[in-house]
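As C-alpha cells, the structure follows; a few thoughts come after it.
The values are calculated or read from the model by the stated rules, or taken from the named source; none is laboratory data. Since we're looking at a predicted model, the values are computed, not measured. Please note: Cβ atoms are built from the backbone with ideal geometry, for glycine as well, and neighbour counts cover all protein chains shown. Surface accessibility is based on the protein's heavy atoms, side chains included, excluding ligands, DNA and RNA. Shrake-Rupley method; radii C 1.70, N 1.55, O 1.52, S 1.80 Å.
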Amino acid sequence: MENNEISLAVIKRLPRYFRYLEELLDSGVERISSGELSMRMGVTASQIRQDLNNFGGFGQQGYGYNVEYLHSEIAKILGIDKIHTMIIVGAGNLGRAIANYANFAKRGFVVKGMFDSNPELVGCECRGAKVMPMSEMVPFIMENNIEILALTIPKTSANEVAKTAVEAGIKGIWNFAHMDLVVPDNVVVENVHLSESLMTLSYNLSVK
C-alpha cells in the first residue's frame with residue numbers, strides 16, 4: 001500500500017508504538033504478541049495487527065513480534081533512522097524549551113541554531129545551539145542544509161518568516177504559531193496548537 005493511502009489515524013499511532021517498543025527494549029523484552037502489546041497500550045490486538053499490516057505486518061503467527069526488529073522498522077517508517085537538521089525561530093520560553101529537550105537529538109532531530117529579532121537574546125546558547133539575528137537565517141539554512149524549521153513566534157510575522165525559510169530550502173515546518181501557514185504544497189507543515197489541545201481537554205472534562 002502506498003503511504004498516501006494510509007489513514008492519518010494510523011500514522012499518528014506509530015510514534016506511540018515506537019515509544020512502547022523502546023520501553024520494552026530497555027526492559028530486555030525480546031518478543032511480544034499483539035495481545036500483550038494490546039494490554040500495555042490500551043489498543044485492541046486487532047487494531048495493532050491492522051495498523052502494522054499497512055506496512056507489511058512484521059509478525060509471525062505463534063511467535064509475535066521481534067521487539068528490536070519492529071522498533072527498527074517503525075523508526076524507518078517514521079524517518080527517524082537518520083539525522084534531521086533543524087533550526088528554531090523564536091528564542092523565547094517555548095523555543096528554548098524545545099532546544100533544551102534532549103530526547104529530540106536522541107530521535108535524530110538536531111537543533112543547529114536559533115534565531116530571534118530580540119538583540120538581547122542574540123549570542124545566548126541552548127544545548128550548544130546559538131541564538132543568531134534573523135538577518136543570518138537564510139544563509140545559515142543554505143550553508144547547513146537545514147531541513148526543518150520550528151516556528152515559535154507570534155502569528156503576526158509567522159507567514160513572512162515561513163515564506164523566507166522555504167525559499168532558502170526548508171522542507172518541513174513545525175508550526176507553533178496560532179495560524180495556518182501559506183506554503184507550497186511540497187512543504188510539509190505540522191501544526192501544534194497548544195490552546196486547542198487544552199480546549200479539547202476542557203471538553204473531555206466537561207462531559208465526564
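At q = 0.16, 0.21, 0.26 Å⁻¹ the log10 of I(q)/I(0) for the range 38-92 amounts to -0.62, -0.86, -1.16, computed by Debye summation with a single uniform scatterer per C-alpha, solvent ignored. Rounded to the nearest 20, the size of the Cβ-charge dipole of the range 13-66 about its Cα centre is 200 debye, with Lys and Arg at +1 and Asp and Glu at -1.
Among the GluC sites (Glu not before Pro) within the range 1-78, those in coil by DSSP and having at most 12 neighbouring Cβ atoms inside 10 Å are Glu2, Glu30. Taking 20 °C and 1.002 mPa s as conditions, the range 18-113 diffuses translationally at an estimated 141 µm²/s according to Stokes-Einstein applied to its Kirkwood radius (Cα pairs).
Close amide H partners of Arg31, meaning residues 5 or more places away or on another chain with modelled amide H under 5 Å apart, are Val67. What the pair-distance distribution of the chain shows, using all Cα-Cα distances binned every 5 Å from zero, is 1, 6, 13, 15, 15, 14, 12, 11, 7, 4, 1, 0, 0 percent. Considering only Met114, Met134, Met86, the Gaussian network model of the chain with Cα springs below 10 Å gives its largest mean-square fluctuation to Met134.
Only protein heavy atoms count here; on that basis, with a 1.4 Å probe, Arg16 has an accessible area of about 80 Å². Each Lys and Arg adds +1 at its Cβ and each Asp and Glu adds -1 at its Cβ; summed about the Cα centre, the range 1-156 shows a dipole of about 280 debye. In the chain, a dipole from Cβ-located charges (positive for Lys and Arg, negative for Asp and Glu) runs towards its positive end, and of Pro133, Trp174, Asn93 it is Asn93 whose Cα lies farthest in that direction. The alpha carbons of the range 144-208 stretch over 49, 21, 21 Å along the principal axes, in descending order.
With viscosity 1.002 mPa s and temperature 20 °C, the Kirkwood radius over alpha carbon pairs of the range 66-175 converts through Stokes-Einstein to a diffusion coefficient of 148 µm²/s.
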